[in-house]
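Just so you know, all these numbers are worked out from the coordinates, no wet-lab data involved. Quick caveat, the model's predicted, so the values are computed rather than measured. Don't worry about glycine lacking a Cβ; one is built from the backbone with ideal geometry, like all the others, and counts go over all protein chains shown.
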Amino acid sequence: MIARIYQALRRRLRAKRALAAAREGSLARVRKGGIKRVLVVCYGNIYRSPFAGVSLRQSLPADIEVRSSGFHRVAGRSSPERHVIMSRARNIDLSSHRSSKVTAEDLQWADIVVLMDRHNWGLLDDLGADHSKLVWLGAFGPGDVEIV
């Protein structure tokens with residue numbers, strides 16, 4: 001029991017440190033350049049990451065590949081209709097999106113992995129993600145680094 005408590009506290013502290021360094025580290029990773037493959041992740045892969053993925057795909061040069069994925073155990077889920085409608089109002093089409101589950105191969109494939117929150121960070125850490133590839137989406141805006 002004490003070992004589990006210790007592990008939980010250790011993980012929380014690591015996540016807090018990652019969050020504290022998120023803005024500066026994320027900006028530095030993107031400025032470094034050389035990005036050709038982007039993986040965008042959130043927990044369920046039905047609203048945040050697909051929306052961000054399509055938005056990036058529309059705004060980045062055509063030679064940059066963008067995928068989205070999540071951690072939910074069930075793949076193949078569609079975006080809820082209300083999110084499809086809200087996204088369409090912003091010229092983002094999620095009508096044909098189906099969720100997928102992130103794999104170690106996805107993490108290897110990506111030059112950067114765009115994440116939303118500390119929960120995503122912890123799950124990526126559990127999968128052995130290369131922390132030098134992790135980029136917090138909220139780091140590029142004026143508000144919180146976490147997008148929940």
From the Cα gyration tensor of region 4-80, with a ≥ b ≥ c the square roots of its eigenvalues, which class applies: rounded if a/c is under 1.5, or else prolate if a/b is larger than b/c, or else oblate? oblate
Enumerate the lysines that residue 101 could reach by cross-link, defined here as Cα to Cα under 22 Å, with residues fewer than 8 away along the same chain left out. 36, 133
What FRET efficiency do you get for residue 96 and residue 27 if R0 is 30 Å and r is their Cβ-Cβ distance, rounded to the nearest 0.05? 0.40
Using only helices, what value at 222 nm comes out for the chain when you add -39,500 (n - 2.57) per DSSP H run of length 4 or more and divide by the total residues, to the nearest 500 deg cm²/dmol? -13000 deg cm²/dmol
Surrounding charge for residue 122, neighbours by C-beta under 13 angstrom, Lys/Arg +1, Asp/Glu -1, total +3
Just to verify a number: FRET efficiency for residue 85 and residue 148, C-beta to C-beta distance, R0 = 35 Å, to 0.05? 0.95
Gyration tensor on Cα atoms of the chain, a ≥ b ≥ c root eigenvalues, a/c under 1.5 rounded, else prolate if a/b beats b/c, else oblate, says prolate
